[in-house]
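K.L.:
Structure incoming, see below.
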2 protein chains.
Amino acid sequence: MGKISPFAPKRLAKLPPIEGVRIATAAAGIRYPGRTDLLFALFDPGTTVAGALTKSKTASAPVDWCRQHLAHGMARALVVNSGNANAFTGKRGREAVALTVEAAASAADCLDADVYVASTGVIGQPLDARKFTGLLGDLARRAKPDAYEQAARAIMTTDTFAKVATATVRLGKAKVTINGMAKGAGMIAPDMATMLAFVFTDAPIAASALQSLLKAGVEDTFNAVTIDGDTSTSDTLLAFATGAALAEGAPKISRASDPRLKVFTRAFNAVLADLAEQVARDGEGARKLVEILVEGAVSKTSARKIAMSVANSPLVKTAIAGEDANWGRVVMAVGKAGEPADRDRLSIAFNGIRVASRGARDPSYVEAEVSAAMKQPKIQIRIALGLGKGRDRVLTCDLTKEYVAINGDYRS
Amino acid sequence: MGKISPFAPKRLAKLPPIEGVRIATAAAGIRYPGRTDLLFALFDPGTTVAGALTKSKTASAPVDWCRQHLAHGMARALVVNSGNANAFTGKRGREAVALTVEAAASAADCLDADVYVASTGVIGQPLDARKFTGLLGDLARRAKPDAYEQAARAIMTTDTFAKVATATVRLGKAKVTINGMAKGAGMIAPDMATMLAFVFTDAPIAASALQSLLKAGVEDTFNAVTIDGDTSTSDTLLAFATGAALAEGAPKISRASDPRLKVFTRAFNAVLADLAEQVARDGEGARKLVEILVEGAVSKTSARKIAMSVANSPLVKTAIAGEDANWGRVVMAVGKAGEPADRDRLSIAFNGIRVASRGARDPSYVEAEVSAAMKQPKIQIRIALGLGKGRDRVLTCDLTKEYVAINGDYRS
């Protein structure tokens, strides 16, 4: 506990300001002493918004609010708190959201419908929004365009490092920026694969196009990450586009398929992928980043299911924690996925070393070589099914005693 | 490691002999030094057999053999080894089965098709059947009708105690006996929920009736147990009926729906349930037995899916290991099941103490009371959905640091 992930970046990327976005944070004392736990972001008029939300049937009150209001596609403010997820809090949960939205709308001078909210932390305890609603007016006044790092820190829970990513690309005549932040740690699984992530850009993209872009981008990034197969009640990814780059000569984009958006889309997806990978690297108690690569499946969907079955198998994950190239457990996890697989065509490699081929241990298998490979901090498990052309990739981490310690003690 | 489960029975039940069944065990040195690892059971002519086998797409060579031969429904011998699962061993795996079957058929003086085999232990390493095929002739000569306890011990792997169960009931004019044994520990999940289980009876039941009986009985017993959501490549449950009680006045049963079989069916299911519960109690590293009871679901199938989602959630299981009544994680696991659920109708109780009702913490919630309940060795989580009449029950155990230790070190 309290250990920082071996994957924590030495230095955080420096995120440049984005015209039309201002951010402030505060220590509202919601749960954690001596740290910030409140993020308030304000957007200039005309900012569009898109979102991907948890599919949980027991979603939190803030998720319900976002789902209701995403349809109109416009945003002026975002309020995020850590320490309390405001999930499964019943009528009082909805009241806490209403109180937050009202205070934020007043501070940002906008409609309630233009405010988005997200909460992360403990589930099932009433969130006392009055702890922070009184702070929003002051935060609006001191919000600054270059506070992304503080923002990423304010939304952390059991994360051991702040997660940010950035990209700058040309869109038409303008240089546009994409900034992102995420918090992850436990309870990470599709769909969505992170608890909270926010992406900001000055590109002028219509809400419906932004929504298509986000939906496509999430599929192979956040939805391809799993820590423990558990899907949060609070998973929220929101993307905000201020459109400020229009004044610099960027074209107005109304469809995600617009060919002028190609370079932007690639950068946007790269920011999502970067954040999603950071979430996997910072899985609770993780000492290894694990990439499951499935090829030769009958389809991409089938490959994804098999990769997820392997990525979520406690027996595979504990073996990796023990630096044991236990490919037998990989076979087991492939088998239980319920997808087409032929035991006698299957081959498996750990970090490029083939350990199994055609239904049995590879003849070239050398224990010492494989053992050395398993000591690496990043482990790739490549599974070739030999049936078709379907392939997919999923990221996860190992399952350690620290995971059990963190999650056995979290609430108490 | 090496710790015995707190749930180990003080004394093993004493299993009476069953006419027509003889058993012998040996220490063949397959993997474990200084203990038995080979079981040979011989059945009198006329013995019927039924089976439930893993649905894994990468099933082991012995499972393939059993699946091929169960159709004809007759059995004369059973060979079980522990220490090596003979799974994912390719052509050599099939050869090891063929060698075993041939030696067993010769020792039991029967057809190859009347021999059943099962293997449990490490996956992916060739099984050298010659280590034990030479022993089968001698074992056949010294097989005895009262060696059930030795048999249950010979099939153990990481089990911390031997698992047996027995029942004696009237069938027509005769007293008939049902004896069962199982081995479990890790990699326990439907379908099947145990790696190996064998049931023996002297009741005269036709193979097709025995198969129906077994299929129905498994549903709420072995298939309602999960340790870690991982399905083995080797799960095998076989039931053998010698028919010896016919001579004592038991009626010949040709259909599972025969009303004369009612009392027997109840006892048969009780033996399966007893064995399945012992498997859950002896889950790797388990310190708590956990019963998930779901009621008010839209159907039994829906209740089962929700119960399994909760039972397999690492976050729920680690919370129980930490004696934390973290019902928020139960809400999360209900939500991720993808089944109909209404957050605002949900109520949850731990060991009879209601902690959440109608979408929020129960007003009567007293932390001290709930904390005391969580210290019990058996935890019942009751989830009331308030939607319909569907209910179901699943058994599991907690997820402890010992689970990770056992599975991180198992192979090395």
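The values are calculated or read from the model by the stated rules, or taken from the named source; none is laboratory data. Being a predicted model, the structure only gives us computed values, none of them experimental. Positions of Cβ are backbone-derived with ideal geometry, glycine not excepted, and every protein chain shown enters the neighbour counts.
K.L.:
Provide a single number: the residues in the stretch B:84-107 that are of a type in the set (Ser, Thr, Tyr) and more than 22 Å from B:ALA27 (Cβ to Cβ).
P.N.:
At the first step, the residues of the stretch B:84-107 found to be of a type in the set (Ser, Thr, Tyr) are B:89, B:100, B:106.
In the following step, the residues that additionally are more than 22 Å from B:ALA27 (Cβ to Cβ) were identified as B:89.
Counting residues in the stretch B:84-107 that are of a type in the set (Ser, Thr, Tyr) and more than 22 Å from B:ALA27 (Cβ to Cβ) gives 1.
K.L.:
Looking at A:GLU277 and the list (1) buried (at least 23 other Cβ atoms within 10 Å of the Cβ); (2) farther than 20 Å from A:SER60 by Cβ, which single condition is not satisfied?
P.N.:
It is condition (1) that A:GLU277 fails.
K.L.:
Go through B:VAL355, B:VAL331, B:VAL316 for me and flag whichever is in contact with a Leu (Cβ under 8 Å, 6 or more places away or on another chain), buried (at least 24 other Cβ atoms within 10 Å of the Cβ), under 27 Å from B:GLY283 (Cβ atoms) and not charged (D, E, K, R).
P.N.:
The unique qualifying residue is B:VAL331.
K.L.:
Output the residues belonging to the stretch A:67-101 that are more than 14 Å from chain B (Cβ to nearest Cβ), closer than 25 Å to B:ARG329 by Cα and surrounded by fewer than 24 Cβ atoms within 10 Å (Cβ to Cβ).
P.N.:
Answer for the stretch A:67-101, where residues must be more than 14 Å from chain B (Cβ to nearest Cβ), closer than 25 Å to B:ARG329 by Cα and surrounded by fewer than 24 Cβ atoms within 10 Å (Cβ to Cβ): A:GLN68, A:ALA98.
K.L.:
For the condition in contact (Cβ under 8 Å) with a residue 60 or more places away in the chain, within 12 Å of chain A (Cβ to nearest Cβ), hydrophobic (A, V, I, L, M, F, W, C) and closer than 21 Å to A:SER313 by Cβ, what is the one hit in B:ALA286, B:ALA321?
P.N.:
Matching residue, one of B:ALA286, B:ALA321: B:ALA321.
K.L.:
Something else about it: Filter the stretch B:333-373 down to the residues that are at the interface with chain A (Cβ under 10 Å from one of its Cβ atoms), touching a residue at least 40 places away in the same chain (Cβ under 8 Å) and under 19 Å from B:THR318 (Cβ atoms) and list them by number.
P.N.:
Passing the criteria: B:VAL334, B:SER371.
K.L.:
Within the stretch A:111-135, restricting attention to residues that are among the hydrophobic types (A, V, I, L, M, F, W, C), touching a strand residue (DSSP E or B) at 6+ places or on another chain (Cβ under 6 Å) and away from every other protein chain (no Cβ under 14 Å), which residue is farthest from A:THR54 (Cα to Cα)?
P.N.:
A:LEU135
K.L.:
When the stretch B:54-88 is examined, which residues are found to be out of contact with any Leu (no Cβ under 8 Å at 6 or more places or on another chain), β-branched (Val, Ile, Thr) and in a helix (DSSP H, G or I)?
P.N.:
Result: no residue meets the conditions.
K.L.:
Before we move on, is B:VAL310 of a type in the set (Val, Ile, Thr), facing chain A (nearest Cβ under 7 Å) and under 27 Å from the mean Cα position of the chain (by Cα)?
P.N.:
no
K.L.:
Further question: Which of the residues belonging to the stretch B:349-367 are acidic (Asp, Glu) and under 20 Å from A:LYS91 (Cα atoms)?
P.N.:
B:ASP362
K.L.:
Right, another one. Which of (1) at the interface with chain B (Cβ under 9 Å from one of its Cβ atoms); (2) under 24 Å from A:SER371 (Cβ atoms); (3) of a type in the set (Lys, Arg) does A:ARG281 not meet, given it meets every other one?
P.N.:
For A:ARG281, the failing item is (1).
K.L.:
Assess whether A:ALA341 counts as being farther than 26 Å from B:VAL404 by Cα, of a type outside the set (Lys, Arg) and surrounded by 19 or more Cβ atoms within 10 Å (Cβ to Cβ).
P.N.:
Working: farther than 26 Å from B:VAL404 by Cα: yes; of a type outside the set (Lys, Arg): yes; surrounded by 19 or more Cβ atoms within 10 Å (Cβ to Cβ): yes.
Answer is yes for this residue.
K.L.:
Oh, and also: Tell me, please, whether a residue that is surrounded by 20 or more Cβ atoms within 10 Å (Cβ to Cβ), closer than 18 Å to B:VAL310 by Cα and at the interface with chain A (Cβ under 7 Å from one of its Cβ atoms) can be found in the stretch B:376-399.
P.N.:
Yes, the conditions are met somewhere in the stretch B:376-399.
K.L.:
Surrounded by 24 or more Cβ atoms within 10 Å (Cβ to Cβ) and farther than 17 Å from B:GLU149 by Cα: does that describe B:VAL49?
P.N.:
Yes; evaluated as a whole, the condition is true for this residue.
K.L.:
Can you name every residue in the stretch A:181-213 that is crowded, with 24+ Cβ neighbours inside 10 Å, farther than 15 Å from A:LEU78 by Cβ, hydrophobic (A, V, I, L, M, F, W, C) and at pLDDT 90 or above?
P.N.:
Result: A:ALA203, A:ILE205, A:LEU213.
K.L.:
Scan the stretch B:385-402 and give yes if some residue there is under 30 Å from A:LEU399 (Cβ atoms), β-branched (Val, Ile, Thr), in a loop (DSSP other than H, G, I, E, B) and touching a residue at least 40 places away in the same chain (Cβ under 8 Å), otherwise no.
P.N.:
Looking for residues that are under 30 Å from A:LEU399 (Cβ atoms), β-branched (Val, Ile, Thr), in a loop (DSSP other than H, G, I, E, B) and touching a residue at least 40 places away in the same chain (Cβ under 8 Å), one finds at least one in the stretch B:385-402, hence yes.
K.L.:
Name the single residue that is nearest to A:LYS91 (Cα to Cα) among those in the stretch A:48-66 being facing chain B (nearest Cβ under 10 Å) and of a type in the set (A, V, I, L, M, F, W, C). Steps first, please.
P.N.:
Step one: list which residues in the stretch A:48-66 are facing chain B (nearest Cβ under 10 Å), which gives A:54-61, A:64.
This time we only want the ones that are of a type in the set (A, V, I, L, M, F, W, C), so: A:59, A:61.
Numbers: A:ALA59: 14, A:ALA61: 9 Å.
Of everything passing the filter in the stretch A:48-66, A:ALA61 is nearest to A:LYS91 (Cα to Cα).
K.L.:
Still on this structure, I have one more. Look through the stretch A:281-302, keep the residues that are among the aliphatic types (A, V, I, L, M) and touching a helix residue (DSSP H, G or I) at 6+ places or on another chain (Cβ under 9 Å), and return whichever of them is modelled with the lowest pLDDT.
P.N.:
A:ALA286
K.L.:
Go through (1) at pLDDT 95 or above; (2) out of contact with any Cys (no Cβ under 9 Å at 6 or more places or on another chain) and name the single condition A:ALA104 misses.
P.N.:
The number of the failed condition is (2).
Okay, residues lined up against (1) modelled with pLDDT of 95 or more; (2) more than 22 Å from the chain's Cα centre (by Cα):
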site	(1), (2)
A:PRO17	yes, no
A:ALA24	yes, no
A:ALA27	yes, yes
A:PRO45	yes, yes
A:THR58	no, no
